[in-house]
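Everything on this sheet refers to the single structure shown next.
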């Protein structure tokens, strides 16, 4: 094929790709094409379908409908290995490096160089060294991965992708862990790769960087393609507006008016690599929403408040008195409760029944030498009625429950210790609409009864529809606290992406 | 359709709970047919007495394994605690008060040895397998050192009555085994600690997020097994009126762990019953007894025991998958 013709055929063509997970459409007929040497940005809110799309391209998921053309030929990317052989490489958010092995061992994993029978270690180290030099990195080729910083690991991932002669590189949020200087180096390398004809898909929440490095930008929202435009003509404000921009489609109960007294004061709370100088107040009966993009540090904040993470600085005051939360036991005893975002990972025990889950945190109250199982069961019965938990019996293991019912049990569990303040983290993730509405109603009735609530959610509508005030976080800091009319999707997105507020 | 599904579910739950009991019943019937001597009361009581030493340790081991741990040091610990018990007995003259001192010293020592395991495991964040493999060597070596590789011999005439004696025809060790089994079953099912042990073994992250002090729960399971070791050491040393530093309680850890596993407790933690462990211990005892009575070489008994353990785990795995 002559070079001119080859250049005209797009490297990758995505045609009407859709993906459904158990009946839910997360990606809806998305099409685009990508030429050699092009850097293609994809932006969108959490859950817009970005990850699903790149997982389809790199062979991790299979599309429900639609087709992929690579170098003009229709292809089925069966698995990551197939994609790899075609020259498609994904640099994931979470690294795929083996910590106990060295840099060069990782780079040549699965494609080791050999001289007759034995591994040619010297050649591999030499090649690694030249790769790293090319990337202007000072990482030693024989350093163990576990001794490297996160940014250095990112470099190794990049070197690994380069070593296998990629045609298409997919970068998923590559700059979240990098400093500005390292980002500059990364962009420099990307431009070099671009020169040599490598196409790149670049996913990021940092809109300024997207504008800086990408040729084209695609906006996804709720799994649908909103627009593809040249980044020259697309300002960062337009990007943010396009990412949101929808009507509030869910019915929320009317907001209750918070009382005057402050129950929780957080001052300058810091956790290394996680939180920096976080300060806010929470009033009695208030719902304080926490918005931000994934990795903004909201869950980490909640975990610090309940003593799972150790703070390095700052004070926490409950009802005006400073408290030292050493561990969750202490936090719960002093009137805090936490509803975890990771329901099955840290919220409930799937091998336990309803009763045993609900009383797990508050078990002390049901125990005097022996457990008062009758009281436990009565209490559980009460929650089952109140929250309309559907189950064959109180002893049914939670693994047989739907997400919504599991969430209700998890909620009952955090409430049974009679908290004054409840930290709710992604309360409606993965549950159906009906259960969502119920959750909103429960939360609303609780704050009316004087409970105070920190509501962490990545669903904008939820934060906007429920909160009295909204705290927006970005990279471990609070960038803004919004009230009244300021609480809208655009404003939140501006603060969340760092276009407004303290960066 | 749904009724069928329900029925199959009920059947599965029942089998999970009573599987070991069925196995015991079948084994009992086969043994009774194979040898008429088997169902003689004396033989049955003898089997129960023989399994009570490792059975008692198995009760404590049940908690350790349900919480997600393991303790390999219990055999060596039994020898060490038993040896020091005899030294204490001789020191205080061998009378009733001496025996009470033995009980006190033994329980403190057992709890202390278990606490040492527990502290290294929880504070040092070292895998239980490694820690207890290490203390297994340490405890045995200390036993050998203290006795100069010989035997701890008691001078008391009263002491053996404890381990040799019987109440209502049933040997004392069997009484103690069963009483402790009831006690442990109550602890596991009707106390906060028992609930926490299961929660920690089921998912320690959820346990942490529920305000359970996971490390403390784990630590206490090792202390508990240490106390059980002390009771077992008391019964063993008083029956023999001596403890051999090199031979006493060798491989007890294997029998104790095997009883727990055969009893249906998952090696991965989270679930299990004390009742099952008692059954598991008795199954092991009957297997040994039958092999003896059928005149099978004692050298082959290990092979059979090993196959029984592996078989039990295989059956459990199958149950889970189906």
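The values are calculated or read from the model by the stated rules, or taken from the named source; none is laboratory data. From a predicted model like this one, the values you see are computed outputs, not experimental measurements. Cβ coordinates were reconstructed from backbone atoms using ideal geometry, including for glycine residues, and neighbour counts include every protein chain displayed.
How about region B:187-208: which of its residues are within 7 Å of chain A (Cβ to nearest Cβ) and without any contact (Cβ under 8 Å) to a residue 60 or more places away in the chain? Across region B:187-208, the qualifying residues are B:190, B:191, B:192, B:195, B:199, B:205, B:206, B:208.
Hey, among the residues in region B:112-130 that are assigned to a helix (DSSP H, G or I) and without any contact (Cβ under 8 Å) to a residue 40 or more places away in the chain, which one's surrounded by the fewest Cβ atoms within 10 Å (Cβ to Cβ)? Within region B:112-130, the match that is surrounded by the fewest Cβ atoms within 10 Å (Cβ to Cβ) is B:130. Identify all residues within region A:357-394 that are within 12 Å of chain B (Cβ to nearest Cβ) and closer than 30 Å to residue A:263 by Cα; write none if there are none. Residues satisfying the conditions are A:357, A:358, A:359, A:360, A:361, A:362, A:363, A:364, A:365, A:366, A:367, A:376. Right, residue A:374: touching a residue at least 12 places away in the same chain (Cβ under 8 Å) and either surrounded by fewer than 18 Cβ atoms within 10 Å (Cβ to Cβ) or closer than 29 Å to residue A:264 by Cβ (or both) or not? No, not satisfied. Take the conditions (1) over 31 Å from the mean Cα position of the chain (by Cα); (2) within 14 Å of chain B (Cβ to nearest Cβ); (3) modelled with pLDDT of 90 or more; residue A:330 misses just one of them, which is (1). Within region B:163-175, not a single residue is part of a helix (DSSP H, G or I), touching a residue at least 12 places away in the same chain (Cβ under 8 Å), out of contact with any helix residue (DSSP H, G or I) (no Cβ under 8 Å at 6 or more places or on another chain) and more than 14 Å from chain A (Cβ to nearest Cβ). The residue that is nearest to the chain's Cα centre (by Cα), counting only those in region A:116-148 that are surrounded by fewer than 11 Cβ atoms within 10 Å (Cβ to Cβ) and modelled with pLDDT under 80, is A:136.
Is there a residue in region A:309-325 that is in contact with a helix residue (DSSP H, G or I) (Cβ under 6 Å, 6 or more places away or on another chain), more than 14 Å from every other protein chain (Cβ to nearest Cβ) and crowded, with 19+ Cβ neighbours inside 10 Å? Looking for residues that are in contact with a helix residue (DSSP H, G or I) (Cβ under 6 Å, 6 or more places away or on another chain), more than 14 Å from every other protein chain (Cβ to nearest Cβ) and crowded, with 19+ Cβ neighbours inside 10 Å, one finds at least one in region A:309-325, hence yes. Screening residue A:52 with (1) part of a loop (DSSP other than H, G, I, E, B); (2) in contact (Cβ under 8 Å) with a residue 60 or more places away in the chain; (3) surrounded by 16 or more Cβ atoms within 10 Å (Cβ to Cβ) gives one miss only, at (1). In the condition set (1) surrounded by fewer than 21 Cβ atoms within 10 Å (Cβ to Cβ); (2) on the phi < 0 side of the Ramachandran plot, residue A:457 is compliant with all but (1). Among the residues of region A:344-356, those that are over 16 Å from residue A:392 (Cα atoms) and facing chain B (nearest Cβ under 7 Å) comprise A:345, A:346, A:347, A:348, A:349. Which is under 19 Å from residue A:45 (Cα atoms) and over 21 Å from the mean Cα position of the chain (by Cα), of A:465, A:449, A:476? Residue meeting the stated conditions: A:465.
Of all residues in region A:162-184, those satisfying the criterion of being surrounded by fewer than 21 Cβ atoms within 10 Å (Cβ to Cβ), closer than 21 Å to residue A:52 by Cβ and modelled with pLDDT of 80 or more are A:172, A:173. No other residue among B:134, B:211 is within 14 Å of chain A (Cβ to nearest Cβ) and either in a helix (DSSP H, G or I) or surrounded by 15 or more Cβ atoms within 10 Å (Cβ to Cβ) (or both) apart from B:211.
Identify all residues within region A:151-196 that are touching a residue at least 60 places away in the same chain (Cβ under 8 Å), touching a helix residue (DSSP H, G or I) at 6+ places or on another chain (Cβ under 9 Å), assigned to a loop (DSSP other than H, G, I, E, B) and closer than 20 Å to residue A:215 by Cα; write none if there are none. A:166, A:167, A:174 - these are the residues of region A:151-196 that are touching a residue at least 60 places away in the same chain (Cβ under 8 Å), touching a helix residue (DSSP H, G or I) at 6+ places or on another chain (Cβ under 9 Å), assigned to a loop (DSSP other than H, G, I, E, B) and closer than 20 Å to residue A:215 by Cα. The single residue among B:254, B:240, B:183, B:220 that is away from every other protein chain (no Cβ under 14 Å), more than 25 Å from residue B:152 (Cβ to Cβ) and out of contact with any helix residue (DSSP H, G or I) (no Cβ under 6 Å at 6 or more places or on another chain) turns out to be B:220.
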